[in-house]
1. Scan segment 1-11 for residues that are in a loop (DSSP other than H, G, I, E, B) and in contact with a Lys or Arg (Cβ under 9 Å, 6 or more places away or on another chain) and jot them down.
2. Answer with yes or no whether residue 157 is crowded, with 22+ Cβ neighbours inside 10 Å, out of contact with any Ser or Thr (no Cβ under 8 Å at 6 or more places or on another chain), among the hydrophobic types (A, V, I, L, M, F, W, C) and touching a residue at least 12 places away in the same chain (Cβ under 8 Å).
3. Of all residues in segment 181-198, how many are surrounded by 15 or more Cβ atoms within 10 Å (Cβ to Cβ) and either among the aromatic types (Phe, Trp, Tyr) or in contact with an Asp or Glu (Cβ under 9 Å, 6 or more places away or on another chain) (or both)?
4. Mind checking which pairs have a first residue in segment 183-198 that is more than 12 Å from residue 147 (Cα to Cα) and a second that is of a type in the set (Phe, Trp, Tyr) and surrounded by 13 or more Cβ atoms within 10 Å (Cβ to Cβ), Cβ under 7 Å, 6 or more apart or different chains?
5. Before we move on, is residue 209 farther than 18 Å from residue 124 by Cα, of a type outside the set (D, E, K, R) and out of contact with any strand residue (DSSP E or B) (no Cβ under 8 Å at 6 or more places or on another chain)?
6. Criterion first (surrounded by fewer than 19 Cβ atoms within 10 Å (Cβ to Cβ) and either modelled with pLDDT of 85 or more or under 22 Å from residue 73 (Cα atoms) (or both)) does residue 122 satisfy it?
7. If you take just the strands (runs of 3 or more DSSP E) that sit entirely in segment 128-220, which of them hold at least 1 residues that are of a type in the set (Lys, Arg)?
Amino acid sequence: MLFIPPRPPVKLAAKGSVILGRSRSCDLPLPGADASRRHAEILGSGQQFRLRDLGSTNGTFVNGERVQQHELHPGDRIQIGGSTITFCRVEADVDGGGEANEAKTVIFERPVPSEGEAFHGALAEIPPYAVLQILEMGRKTGVLEIDAEVASGRLWLRDGAPIHAEAKDQLGFDAALALVGATSGRFAFTPQLESPDPTIDASVTQLLLESARLLDEGYA
């Protein structure tokens with residue numbers, strides 16, 4: 001699965017390819033003149049996915065290094081021009097629909113919670129914005145705990161939407177922004193029905209847009 005927030009995640013087929021580039025005809029169109037019209041391709045082969053540069057002008061980078069071909073691993077950051085795409089593996093039916101035998105068409109590794117199940121992992125492999133988008137797709141209700149050096153706290157969701165957050169001396173939307181900015185550490189989501197009174201009136205997309213704006217302005 002590819003994450004380029006605040007846009008929805010892109011599922012990858014176990015067999016086939018996804019073209020990334022500036023052209024609108026690409027499977028994942030990217031903004032900005034730094035991306036070539038057909039910049040790079042991701043090829044699926046069973047449980048392996050390989051990134052291939054398509055002779056782009058400005059190059060394709062993974063975790064800061066220019067590559068021609070690269071076997072993707074969970075948490076890899078693909079840099080194409082001004083766009084950063086995160087490659088993650090998730091397990092189970094992410095969007096809450098479909099049958100179990102459809103799993104072969106999606107990347108799988110980390111469990112996404114079904115009813116009554118927890119969801120946890122490393123932020124280096126699945127960053128906070130990706131976790132939130134996964135939970136939004138599954139319309140999950142519960143609490144997401146972030147344990148990171150830069151920001152630790154909890155964020156409550158109802159039907160996939162953020163409703164309250166606590167982080168150190170912050171509450172509400174500001175606390176949620178702080179948690180989204182974490183880049184290392186651990187996360188854990190626990191389904192539960194009870195939650196504090198709402199202090200956030202925003203969607204995951206609105207939260208990620210504001211986080212990106214602050215990052216661009218140098219405040220995050």
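1. Step one: of segment 1-11, the residues in a loop (DSSP other than H, G, I, E, B) are 1, 4-9, 11.
Within segment 1-11, just 1 meets the criteria.
2. No, not satisfied.
3. Initial filter on segment 181-198 (surrounded by 15 or more Cβ atoms within 10 Å (Cβ to Cβ)): 181-182, 185-191.
So of that shortlist, the ones also either among the aromatic types (Phe, Trp, Tyr) or in contact with an Asp or Glu (Cβ under 9 Å, 6 or more places away or on another chain) (or both) come out as 182, 185-191.
Residues in segment 181-198 being surrounded by 15 or more Cβ atoms within 10 Å (Cβ to Cβ) and either among the aromatic types (Phe, Trp, Tyr) or in contact with an Asp or Glu (Cβ under 9 Å, 6 or more places away or on another chain) (or both): 8 in total.
4. Close Cβ pairs satisfying both conditions: 195/156; 196/156.
5. Details: farther than 18 Å from residue 124 by Cα: yes; of a type outside the set (D, E, K, R): yes; out of contact with any strand residue (DSSP E or B) (no Cβ under 8 Å at 6 or more places or on another chain): yes.
It is true that residue 209 is farther than 18 Å from residue 124 by Cα, of a type outside the set (D, E, K, R) and out of contact with any strand residue (DSSP E or B) (no Cβ under 8 Å at 6 or more places or on another chain).
6. Values: surrounded by fewer than 19 Cβ atoms within 10 Å (Cβ to Cβ): yes; either modelled with pLDDT of 85 or more or under 22 Å from residue 73 (Cα atoms) (or both): yes.
Yes.
7. Numbers: elements: 142-147, 153-158, 161-167, 186-191.
In segment 128-220, the matching strands (runs of 3 or more DSSP E) lie at 153-158, 186-191.
One line per residue, one yes/no per condition, for (1) open to solvent by 80 Å² or more (accessible area, probe 1.4 Å); (2) in a loop (DSSP other than H, G, I, E, B); (3) at pLDDT 85 or above:
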position: 13; (1), (2), (3): no, yes, no
position: 23; (1), (2), (3): no, yes, yes
position: 26; (1), (2), (3): no, yes, yes
position: 61; (1), (2), (3): no, no, yes
position: 78; (1), (2), (3): no, no, yes
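The values are calculated or read from the model by the stated rules, or taken from the named source; none is laboratory data. Because the structure is a prediction, the values reported are computed rather than measured. Note that each Cβ is placed from the backbone with ideal geometry, even for glycine, and that neighbours are counted across all protein chains shown. Accessible surface is based on the protein model in full, side chains and every heavy atom, while ligands, DNA and RNA are left aside. Shrake-Rupley method; radii C 1.70, N 1.55, O 1.52, S 1.80 Å.
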